[in-house]
1. Here is a check on your reading of the model: is Leu5 of a type in the set (A, V, I, L, M, F, W, C) and touching a residue at least 60 places away in the same chain (Cβ under 8 Å)?
2. Could you say whether any residue in the range 175-191 is of a type in the set (S, T, N, Q) and under 30 Å from Leu434 (Cβ atoms)?
3. Can you confirm whether Pro240 is touching a residue at least 24 places away in the same chain (Cβ under 8 Å) and more than 30 Å from Val290 (Cβ to Cβ)?
4. Could you grab me the full set of residues in the range 136-158 that are more than 29 Å from the chain's Cα centre (by Cα), under 23 Å from Arg117 (Cβ atoms) and in a loop (DSSP other than H, G, I, E, B)?
5. How do the helices (runs of 4 or more DSSP H) wholly within the range 71-135 filter down when requiring 1 or more residues that are touching a strand residue (DSSP E or B) at 6+ places or on another chain (Cβ under 9 Å) and either over 22 Å from Gly339 (Cα atoms) or basic (Lys, Arg) (or both): which remain?
6. When the residues of the range 428-444 are filtered to those that are among the charged types (D, E, K, R) and surrounded by fewer than 23 Cβ atoms within 10 Å (Cβ to Cβ), which remaining residue is nearest to the chain's Cα centre (by Cα)?
7. Taking the options Arg424, Arg439, name whichever one is among the charged types (D, E, K, R), touching a helix residue (DSSP H, G or I) at 6+ places or on another chain (Cβ under 8 Å) and assigned to a loop (DSSP other than H, G, I, E, B).
Amino acid sequence: MTGLLLRNAELDGQAGIDLRLRDGRVAEVGPSLDRRGDEEVDCRGGAILPGLWDAHLHLLALAAADRSVACGPPAVLDRAALAVALGAAAADPSGWVRGVGYIETVAGDLDAAALDRLHAARPVRIQHRSGALWMLNSAGVEHLQLTGADAPGIERDGDGRPTGRLWRADAELRRWLPPEQPPDLTAVGARLTRLGITAVTDATPDLTPGAVAAITAAMESGALPQRVQFLGLPLDQPPPGTPGASAGPHKIVIADSALPDLDGLAGRIAEAHAAGRPVAVHCVTREALVLLLAALDMAGEQAGDRIEHAALVPEELVAELARRRLTVVTQPGFLAHRGEDYLDGVPVDEHRDLYRCRSLVAAGVPVALSSDAPYGPLDPWAVIAAAVTRRTSAGRVVTDDERLEPRQALEAYLAGPAAPGTPRRIRAGATADLVLLDRSRTAVLAEPDAGAVRTVLIGGRVSYTA
């Protein structure tokens, strides 16, 4: 059977390497391989890497963001621009205007009354860029009949009236809103492929069967060529049977707005472990991290337990994370996009704790880099650059001694779901998920750029070529 022969590639810094691909795997690696009738691709000396893995993003939210109106920087910077954007936005079939990416620097804290002054004519819901909060105008509150609704995420004023702010209420919104067709993932799959991403971990918690079905259907049709690991798969739901789909650690959210009780958190961790799944725990604040470690003392740890985000890690807890062999999946891309807000809003004595990278790696903590898209920048090359420079949009550096070396930052994207923090290597027998660059590895590390991606292969098939 004929295969594909990649000629004259740079592999692990060595020039003039050929790779033969057959049946979705790397069959042979070495200089000057014979052709054997295989189709050939001239790599022209460009580096070849394992396909990049985004260890934390949200696929359906990415697709939904494409059909939503931007409500924050860089597109919208002030109250007047937000009013214009909402007025010009197209409504969905049920008449709603859906906004994303809001931050308080645009127009302060938004509730129903504040949103009415910006756009009252149609029901509006805007998602905070953290993903934790939805803000509705009065028409939206009335449309959902929130006055009589009973859900823990509904914020109410002193008189018990809904303010229009919904915390961690995505599941409730799905029940209250008219049913919609799942968003098309074709554009998301194409964008991921162009960036060199061949596998992703969907970190959306509490995935519904419909959401899982939508993603796996896109995988089966080829609209989403990436392999997908699911964190939000319920404990009682078997892994999808779709090739390339897998169940990952069980997602648990420690909400910043309302910390859970210790016994309840420990019970959830123990339940996941009993079901044979590690946990992936959303921890943004110091308090959340301390609570998680206390809960793990009660429930015990399991190989594969992960901390998602680790936005603030006190120095005294770094050794604790290493001792417990907890993996950290973090997003230094936020420093480039939101670093100014962090430096201005986070106490100065906590700046060195923001999105730690180097100190974690030095302590032996497995670290995977990721995007948290659509809430953070999707481009892995931009995230790699942010991990190396730690510069904000204004050029300030957030903790210089937490910079990663370029090689370390790249390798934090080259792991796989089975072993976050351990870069995969291209060897005979490996799955042929590959990225061919148009330049050497040294050149791309000197200036990380998605434009360097020339060809992407998933399962040995060319999925993208520039």
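1. When the stated conditions are applied, Leu5 does not pass them.
2. Scanning the range 175-191, I find at least one residue that is of a type in the set (S, T, N, Q) and under 30 Å from Leu434 (Cβ atoms), so the answer is yes.
3. Taking the combined requirement at face value, the residue satisfies it.
4. Result: Gln145, Asp157, Gly158.
5. 79-88, 112-118
6. Arg441
7. Arg439
Listed here are the residues, each with its yes/no results for (1) among the aliphatic types (A, V, I, L, M); (2) modelled with pLDDT of 95 or more; (3) crowded, with 20+ Cβ neighbours inside 10 Å.
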position	(1), (2), (3)
Arg35	no, no, no
Gly45	no, yes, no
Ala61	yes, no, yes
Val84	yes, yes, no
Pro123	no, yes, yes
Trp134	no, yes, yes
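The values are calculated or read from the model by the stated rules, or taken from the named source; none is laboratory data. None of these values were measured; they are calculated from a predicted model. FYI the Cβ positions are ideal-geometry reconstructions off the backbone, even for glycines, and counts take in every protein chain you see.
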